[in-house]
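Heads up, the thing below is written out as structure tokens.
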Amino acid sequence: PAPAVPMGSDMLTQSISNFHAVLAGLIQPQVLSSRPEQVREYLADKTSFSAHVPALSNCTLVGASANEYHGMRLAHIVYKHDGQVIYIFQAPYNRVMAGDGLMLSDEARARLASVGSFSNIAPGGDTVILWVLGNTLCAAVSRIDRKEMTKVLASSKDAPEKMSW
């Protein structure tokens, strides 16, 4: 199993690149499990932040992997939803906001700082949604449309109360 290989320092670009690597089978989970607690346990000593492995309605957890980039430990979680892959990339929020290792555009940083979430549709049509849980920045990517993706992510008890995606 191969962990994600960073393609650059922009977290949105990296999330989309990782998602396509998952679809192509280039990134595979290091742990295969449909049990969130087992995946959380696997990631616990591999990240410096609290990795979130939400129980998403109508989704099957596939597994997770972890890697390090510029001294930053990262988590990668994969789900299936109605035959589509949902990939969630996680990094320490404070480091990404400071541009330490990974960075975000000014627009994304401002939205995350003010409302705690940001969404975008990539040029290829992939939906990307970022949100903050404690000191964890989560970036979900899928080919599912933004409305459905928001609904799926909101189904978790770990979802932010205000979802302004």
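Tabulated data
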| quantity | calculated |
| --- | --- |
| Lys157 vs. criteria charged (D, E, K, R), closer than 21 Å to Val78 by Cα, surrounded by fewer than 21 Cβ atoms within 10 Å (Cβ to Cβ) and modelled with pLDDT under 90 | yes |
| Filtered residue count, the range 5-54, keeping only those that are open to solvent by 70 Å² or more (accessible area, probe 1.4 Å), more than 17 Å from Val141 (Cα to Cα) and assigned to a loop (DSSP other than H, G, I, E, B) | 5 |
| Test: residue in the range 116-127 that is without any contact (Cβ under 8 Å) to a residue 24 or more places away in the chain, exposed (fewer than 15 other Cβ atoms within 10 Å of the Cβ) and on the phi > 0 side of the Ramachandran plot | yes |
| Any hit, the range 128-136, residues being outside any strand (DSSP E or B) and open to solvent by less than 10 Å² (accessible area, probe 1.4 Å) | no |
| Yes/no for Val132 being in contact with a His (Cβ under 7 Å, 6 or more places away or on another chain) and farther than 21 Å from Leu26 by Cβ | no |
| Matching entry among Arg111, Arg73 (being open to solvent by 70 Å² or more (accessible area, probe 1.4 Å) and assigned to a strand (DSSP E or B)) | Arg73 |
| Contacts under 9 angstrom Cβ, first residue in the range 89-101 being without any contact (Cβ under 8 Å) to a residue 60 or more places away in the chain, partner among the hydroxyl-bearing types (Ser, Thr, Tyr) and open to solvent by less than 10 Å² (accessible area, probe 1.4 Å), 6 or more apart | Gln90/Thr136; Pro92/Thr136; Tyr93/Thr136 |
| Residue in the range 90-113 that is of a type in the set (D, E, K, R) and either under 18 Å from Arg146 (Cα atoms) or in contact with a Cys (Cβ under 8 Å, 6 or more places away or on another chain) (or both) present | yes |
| Residues of the range 122-134 satisfying the condition of being at pLDDT below 90 and either within 14 Å of Met11 (Cβ to Cβ) or β-branched (Val, Ile, Thr) (or both) | Ala122 |
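The values are calculated or read from the model by the stated rules, or taken from the named source; none is laboratory data. Quick caveat, the model's predicted, so the values are computed rather than measured. Counting neighbours? That spans all protein chains shown, and the Cβs are built from the backbone with ideal geometry, glycine included. Just the protein is used for accessible areas: all its heavy atoms, side chains included, with ligands, DNA and RNA removed. Shrake-Rupley method; radii C 1.70, N 1.55, O 1.52, S 1.80 Å.
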